Structures are given as structure tokens and as C-alpha cells.
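Enquirer: Just dropping this structure here.
Every number in this text was worked out from the coordinates using simple rules, so none of it is lab data. Keep in mind that this is a model prediction, so the values were computed, not measured. A quick note on method: Cβ atoms are made from the backbone with ideal geometry, for glycine too, and the neighbour counts reach across all protein chains shown.
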Amino acid sequence: MELNLQRPVAFFDLETTGINIAADRIIEISILKIYPDGNKESKTLRINPTIPISKSAIKVHGITDAEVANEPTFAEVAKSLAQYMNDCDLAGYNLNKFDIPLLMEEFLRADVEFDLRKRKIIDVQVIFHKMEQRTLSAAFKFYCGKELENAHSAKADTDATYEVLKAQLDKYRKLENDMAFLSDFSSTSRNVDFAGRIVFNDKDEEVFNFGKHKGKKVEDVLKNEPSYYSWMMNGDFPLYTKKVLTAIKIRTFGK
């Protein structure tokens, strides 16, 4: 089943120096852009992360430091990437927990605005796990009847994810061919920040989702323990988490 689109959707996948959202960097990004009329175009970029690639990451994707040493940095391509995906909803595999949080960290470091508020976000992994509980390679075989060659290359994973989503729509009658429905269906949490350090409670209040203040309203913690803000701002938390925390602080107490 072809996707029913009101606007373009960009399937994307990242290969990175590691799995730490706050500290690791992108070394490859592949984007498959699908237009409402069915036309497609793709773009794959190698990126110099400016930090070493971990040995564990190299074992997964096979990209070495030497292979990206002469590539542009993310800061050098950030504006063109943001423009390329500017009019798009977003889709991918494990998008909610990894690719979007890490991509947003890179945009923040590059000081490039990339607003997610009006976009639909579809995580094909969440749909798969709710329906079948498998990995991307298994999903590709299960839904499409094909072996995933070159797994863990950004382009192969991106193309496979697009094929899997179309096959999921064919297989499950409960899935609506609508980006808003798929975005809601593939959402797993009510995160305020991408890393899930701050979430909405059942009253739509921002609360901490970790540590000694888990479940407590952010506003109350900042009021009763002002030093907690400084501790988080100086800690190893993602830039976007710090941005959200600062916005809550300014909104509540002013500058």
C-alpha cells in the first residue's frame, strides 16, 4: 500500500560514533524523501564527527575515522539538511528514542533551528513492536519477504524502513494510512524533551522522570531546590533537555 500523504515525509537513518545522545555525533545520514504524488528522492551524506568513532560502533556500521576525516562537519551541512527536510513529516526506525534526539543535539550545536512541533513523527519500530516484537532485519523479512543486505548502512536501513511501513499498512487493517494516526500510534511516551528526562504527567504538568525527584513537578523542584537547575545544566545531559529545562525556568520565574 502506498502512503497517503498530505505533505512530503522524510525517512531517515543515522550512523553515529556511539549511542550516547548527549556526547556522540553523526557520521552518516541517509534521507529518503517521499512526495504526495509518489515521487521519491534520496540523499546520503558522510560527516566528519570531529571526535573518534568508538570501536563498538565501528563493529556495527564498519565506518572508520579515516573514512570520514575529509568529509564536512555537521555544522557545515546543517542548514542545507534543515532546508531539505523543512517541509517534511519524519519517519524512521527507533526514531523516537535515538535518531531524533541525536539529530536535534547536532542541530543545536550548529545553532540551526529545526522545529518539530508541526511535524508528524512515525516510528516504524514502535509499530513493529506493538504488532510483532522483532528487529529491523526480521521486520524486513517478515513484512517484505526479503533479506536485508548491508544492514547498518544508513541507506539500506532507510530504504528498508520505508518498505516495511508500506507493508505494515497492507497487513494491519487497524492501521490508518494517515500520518497523524501513524504518528500517534507509534508514540510511546509523553516526553517533554527527546531523552525522556522530563515528561508530562496525567495532568499535563511537566515532571522529572529520573533520579531523586522522579514524578515531581519541575516547577516545584526548581522553586524548592534552585541548585538542581545548575546541577543539570553542568551535567552530562542532552542539550535539548537543558533547553527545555531553561524554558520552564524562564516561564516560571523569569530571567
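Enquirer: Tell me, how many Å apart are the Cα centres for region 47-95 and for region 114-131?
Expert: If you average the Cα positions of each part, the centres end up 20 Å apart.
Enquirer: Taking the Cα centre of region 198-253 as origin, work out the dipole magnitude from +1 charges on Lys and Arg Cβ and -1 charges on Asp and Glu Cβ, in debye rounded to 20.
Expert: 120 debye
Enquirer: Between L116 and A66, with labels modelled 7 Å along Cα→Cβ, what's the label distance in nm to one decimal, could you check?
Expert: Placing both labels 7 Å beyond Cα along the Cβ direction yields 3.7 nm.
Enquirer: Can you match volume of the Cα convex hull per residue in Å³ to one of these, (1) 122; (2) 156; (3) 143, based on a calculation from the structure here?
Expert: Computing volume of the Cα convex hull per residue in Å³ and matching it to (1) 122; (2) 156; (3) 143 gives (3).
Enquirer: So which trypsin sites (Lys or Arg not before Pro) in region 178-228 are both in a DSSP loop and have at most 14 other Cβ atoms within 10 Å of their Cβ?
Expert: Here the sparse-neighbourhood loop sites are R190, K203, K214.
Enquirer: I122's amide H: which non-local residues (gap 5+, or another chain) put their own amide H closer than 5 Å, with H modeled 1.01 Å from N in plane and none for Pro or chain starts?
Expert: Those lying under 5 Å, H to H, from I122 are L90, A91, G92.
Enquirer: Same structure again: Along the Cα→Cβ direction, 7 angstrom out, place labels at A82 and K243. What is the inter-label distance in nm?
Expert: Rounded to a tenth, the inter-label distance reads 0.9 nm.
Enquirer: Please name which of V9, A22, I34 has its Cα lying farthest along the dipole of the chain towards the positive end, using unit charges on Cβ (Lys, Arg +1; Asp, Glu -1) and the Cα centre as origin.
Expert: A22
Enquirer: With +1 assigned to the C-beta of every Lys and Arg and -1 to the C-beta of every Asp and Glu, and no other charges, what is the dipole magnitude of the chain about the Cα centre in debye, to the nearest 20?
Expert: In total the dipole reaches around 780 debye.
Enquirer: Now a separate question. Show that you can apply the helix-only estimate: for the chain, add -39,500 (n - 2.57) for every DSSP H stretch of four or more residues, divide by all residues, and state [θ] at 222 nm to the nearest 500.
Expert: Calculated at 222 nm, the ellipticity per residue is -11500 deg cm²/dmol.
Enquirer: Under the definition of Cα pairs under 8 Å and six or more residues apart, what whole-number percent is the relative contact order of region 1-77?
Expert: Relative CO of region 1-77 lands at 27 percent.
Enquirer: Let me ask you something else. Restrict the search to region 104-201; then list the GluC sites (Glu not before Pro) that DSSP places in a loop and that have at most 16 other Cβ atoms within 10 Å of their Cβ. Please list the in-between numbers first.
Expert: On the way: sites: E105, E106, E113, E132, E147, E149, E163, E176; in loops: E113, E132, E147, E149, E176.
Sparse-neighbourhood loop GluC sites (Glu not before Pro): E113, E132, E147, E149, E176.
Enquirer: Size of the dipole of region 1-98 about the Cα centre, Lys and Arg at +1 and Asp and Glu at -1 on the beta carbon, nothing else charged, in debye to 20?
Expert: 180 debye
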